[in-house]
Every structure is written in structure tokens, then in C-alpha cells.
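First up is the structure itself, then whatever we jot down about it.
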Amino acid sequence: MQWLSVCSLLVLLSVLSRSQAQNQICTIFTEAKEDGFKSLILVGLAQNLPDSTLGDLVPLIAEALAMGVKCCSDTPPEDCERDVADLFQSAVCSSETLVEKNDLKMCCEKTAAERTHCFVDHKAKIPRDLSLKAELPAADQCEDFKKDHKAFVGRFIFKFSKSNPMLPPHVVLAIAKGYGKVLTTCCGEAEAQTCFDTKKATFQHAVAKRVAELKSLCIVHKKYGDRVVKAKKLVQYSQKMPQASFQEMGGMVDKIVATVAPCCSGDMVTCMKERKTLVDEVCADESVLSRAAGLSACCKEDAVHRGSCVEAMKPDPKPDGLSEHYDVHADIAAVCQTFTKTPDLAMGKLVYEISVRHPESSQQVILRFAKEAEQALLQCCDMEDHAECVKTALAGSDVDKKITDETDYYKKMCAAEAAVSDDSFEKSMMVYYTRIMPQASFDQLHMVSETVHDVLHACCKDEPGHFVLPCAEEKLTDAIDATCDDYDPSSINPHIAHCCNQSYSMRRHCILAIQPDTEFTPPELDASSFHMGPELCTKDSKDLLLSGKKLLYGVVRHKTTITEDHLKTISTKYHTMKEKCCAAEDQAACFTEEVVQNSKEETSCYIKRGGTEQ
């Protein structure tokens, strides 16, 4: 590949500048520096050409690096200023090997915008996998890591990028950086494997959390549009940077929202152009930087990692003199005047004023109150006595009380989670969700119960007390977004379908209000409904938990109104049978006899009087 193909690779760079009338390649080469430059190219190549090997990509990266040097020379080639998206596609399509290996023939038969859309759609259909499977033991990884740190990280970036083609490059590189930190820490310890196992679990949890956040944002954008995304981001960043004015925050949020559509579609060129423009402009505003300590620190990071730093930063201290509470009634005449002319501006100001005062709130609580306030303003602002009307309309709605009540709810959930073993809490979640949606498959409910447990376990441990609300409700809402998007809610039941179609901030409350489904007709019960055998005597803790949840699933969906006392009775009988049969000489025969007996006799009795055999 000559200049055309080398330059074309740079479409994969995640931080190209907006203007095409400049030497884009030199700009990013200078800002990202050599290692960052090569890493960005590697991410894009691996994401767009997943059937190519790392060996296929190495020479292309070397050519692109040489191109970067040439573009920063005194006499840069003309290609340094050309549109790299078209160049990339042309170069790929001119290579029969790349086209055949990566099934791009159909895209290459198109031109201009149609070809670009085809490339983006092709990437969106590539399977993804977050699990980081098939890794070497810690000792072998440490040996490779110490031998050549850059090569090791490069292999990680290649594998992870291939498996996650829709993740923005800056996220992939932040994850790679985190994995490198795990190895740096553990490879210097005597018990490297123990350290690695522990830190890898934490690392993977963080990866899953970040991916869930990105996925949820894209789902929200697809379902609710820019307005809700803007409201979410206004809360999020007003909480992080309370020193910034409403006007400054509004401009920043508008730019953030502009990145969502291209980033969620997989159009990473536009996505990263917009992201770079956003971060460059924010980091160039000395007025904001002088007041926002967290932002100022992030802007000192290199060009590749600044954006991720901003997303992860903790709230800054509140401005001196800021009142503790925001009183929407204090200047209701001005609020109504603005609302009548520009309702979105008035609502944005209200959301901002609440958010800067309440970093301990979730986005959803603030948006729930804002929704009620908006209805009150719609109802009252045209009336002569609008001030009294708004007071009456919002008489039962107090944002401070909402925050306190929701925080107390999660504190109680934390106490409940702490009072029992992890397995017991996860099983209780399995019971709860099976009651309200028995039509769902076991795999669906297993995922839901596991997610709820993981969220509460993490938030109750990492963000106890003051910040447990934003931690837990944000993550649980992300899980609800994913569940509603991944499955057809109407195939579960009309209650779940109704909640999935509620307003964004009300989804979780809607689901919590669902009562046990008494109209579900379960499949006929027989001995095979609750398979139990000798495998229960040899399974590890994870397998035993899975078996226990399967049994609870079968029990509860046969009687969604089963009482806790009945469940305890069943649990006792199950454990008694397990102990008896695991101690028996012929375990298989014992389980067969016990299961048949309980299924045909006692189970039927339990069902008739409100319980069932486990």
C-alpha cells in the first residue's frame, strides 16, 4: 500500500480534528505521541478488520507511523490533508485479501455515503465478547509483560478491540491501561496468581460497568432521543462541576449530546472528531478550569486519556455561598416567564440548580421531580395566580424529601444484603423477580437477579451512605434499559411491557410496583420439573447456587403467591434430602426415590395449599 493506503488507515484514529483543511495526521501524531498514535491505529484496524491477524496489521501500523512522521515534516504529502474516511474505505476495497478475509465485498461495491454506512453497519454486526477468555496463568503473563511491556499491551488491545468493535477507541485504551496496572502491581508480588485473580475480578467488574453505561446511553438515545440524554448529562456534569455556570454547563452538554448519535452508531471517525473538539474546547476555557479542579486535573492528561478522565472524575466542592436547597417557588414569576417562551431552557435551569446542590442524588430522582415540576408549570404559568397554583400543584412533591427517601430505601437494601450471605440475597432476588414475571426464561431471571445482587454488593461496599443512591439507581437503571432492549417485553408480560415503555425516570419505580403475577399458567408439574441428582454432591459453590436458583425458579413460577414460610419449609426439606442422599451408598437411587416421592405426593399437596416442593 502506498501513500493512499497508509493515509487511509488513519481513519481509525480516534481524535482527528474537525477541520479537513489542515494536516490532520500531524496534529494527532503530535498530540498522541508515538505510542498513543500506534495504539489508536491498532484499535481501529482490529475493530474494522476482525478476521485479520495481528501479523496482518503490524506492517500497516508501521507504514502509518512512517506516514505520521512524513506529515509532520517540512514538506508533508498532499494526502495528509485529504478526507481519511474515504481513503480508508478505498484502500481496504483495493485489497482483495482484506475484502475477502473480512467479508467486505458488498460494501466495496458501494460509493460515497452509502459505502460509509455499509462499513459502519458491517462493524455493528461483529460479535462482541467482554470476558477476556483463554488467558495464560499469571506467571506466564508476568514473564511476557516484563519481557516486552509494549508488545504485551498491544496484544491485549488487539484481542479486546476485535471482540468489542463498537466500543470507542478511548474506552478500549483506558481498559488496556487498567489491565496494564493490574499486571504492574501483581507481577512484583510473590503470590502473583492470587493477586491477579483478585484484581482481575475487580478490573472486569469495572469494565462491565463502563460498557453497561455506554450501552445504556445508546439505548436511551435510541428510545427517548436527545432531550432525555441532554437532561441526563446536565445532571451528571452539573454534579461534577458545580462551580461552572448554567450557561457554561449548557454549552458543554450540547457538545456532549452531539457525540452520542455518531458514537452509538459505530461511526467512530465522527464520534472521535466530536469528542476531541469537545474536550479541546472545554480544556481551553481558562475561566472554567480555574474554578473546576477535577476538570483542570483531567485536562493535564494526554490527548488519548483526557476524555475518560473527565467521565470518571468525582464531584468538585460546591461554590461558596450556594444555598443548601433550591426553592423553585422563590422567583416563580421569572421561571414562568422563561418557561412560556423557552420551556426547555427553563427546565434546564431548574435541573441545573438542583443538581449542583445535590451530588448525592441519582439522575433519575432529579428527573422525576423535574417531570412533576414541568407538569405544574404547564398547568399554572398561563394563570394569573401562577405562584399559588404551582405551590398547590407541587404540594406533595419535594425534591429533598425524594432524595432522602430513595437514599433510605437503598440503605435498607444494603442492610438486607449485609445481613445474609451473597447466595441467599441472590436467591431472594430470584424469588422476587420470578413472582412478577414468571413467563421469563430462567436465563433471563438468572441474569437479572445476579445483576441486582452485584450492583447492590458493589454500591453498598464502595459508596456507603451518602452516595449509595446515585451508584445504585444509575446501575440498576442501566440494567433495566438493557433488559428492555435485549428482550421483547411483550413476550414476558404486559406489566413489564408497560414499564419498559414508561418515561425514562419512572421505569424502576414502575417495575417495583408490579405485584406477583397470578394469571400465569405454569407448565404441568412432574418429577422432571425439579431435576436433582448426585451432581449436587460434587458441585462447587457457583454450580450449587445455580442449581438452587433453578429450583426456586421452578417452585415460584408454579405458585407466584407462595409465602416465605412455605419457601423456608421447602428449603429445609431440600437440604435434608441433599444431606441424606449425598451420604447414601447409591446416591442416584436415593435422589430418584426422594424426588419421585416428593414430586408426586407432597409437592401436589403444597401447591394446593399455596406452596410447592423444592
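The values are calculated or read from the model by the stated rules, or taken from the named source; none is laboratory data. Just so it is clear, the model here is predicted, and its values are computed rather than measured. Heads up, the Cβs are rebuilt from the backbone with ideal geometry, glycines too, and the neighbour counts pull from every protein chain shown. Quick note on the areas: whole protein, heavy atoms, side chains included, nothing else; ligands and nucleic acids left out. Shrake-Rupley method; radii C 1.70, N 1.55, O 1.52, S 1.80 Å.
Out of the residues in segment 553-587 that are among the hydrophobic types (A, V, I, L, M, F, W, C) and either open to solvent by less than 20 Å² (accessible area, probe 1.4 Å) or modelled with pLDDT under 90 (or both), state the one that is farthest from D443 (Cα to Cα). Result: C581. Restricting V257, V269 to residues that are in contact with an Asp or Glu (Cβ under 8 Å, 6 or more places away or on another chain) and either part of a helix (DSSP H, G or I) or farther than 17 Å from K349 by Cβ (or both) narrows the list to V257.
Among the residues of segment 233-269, what is the count of those that are within 23 Å of A124 (Cβ to Cβ) and either buried (at least 20 other Cβ atoms within 10 Å of the Cβ) or not polar (S, T, N, Q) (or both)? Total satisfying the criteria: 13.
Annotation for segment 199-211: at least one member residue is within 22 Å of the chain's Cα centre (by Cα), open to solvent by 40 Å² or more (accessible area, probe 1.4 Å) and more than 30 Å from G266 (Cβ to Cβ). Just one residue in the set E360, E372, E353 is in a helix (DSSP H, G or I), of a type in the set (D, E, K, R) and closer than 26 Å to P319 by Cβ; that residue is E353. Please work out if P319 is modelled with pLDDT of 95 or more and either closer than 16 Å to F246 by Cα or surrounded by 22 or more Cβ atoms within 10 Å (Cβ to Cβ) (or both). Judged against the criteria, P319 is not a match. Only a single criterion out of (1) assigned to a helix (DSSP H, G or I); (2) open to solvent by less than 20 Å² (accessible area, probe 1.4 Å) is not satisfied by T392, namely (2).
Tell me whether segment 338-351 contains one or more residues that are open to solvent by 20 Å² or more (accessible area, probe 1.4 Å), in contact (Cβ under 8 Å) with a residue 24 or more places away in the chain, of a type in the set (S, T, Y) and farther than 30 Å from I570 by Cβ. Yes: one or more hits.
Residue-level analysis places C499 among those that are crowded, with 20+ Cβ neighbours inside 10 Å and in contact with a helix residue (DSSP H, G or I) (Cβ under 7 Å, 6 or more places away or on another chain). Among helices (runs of 4 or more DSSP H) entirely within segment 35-149, having at least 3 residues that are at pLDDT 85 or above and closer than 29 Å to N23 by Cβ singles out 54-71, 112-124.
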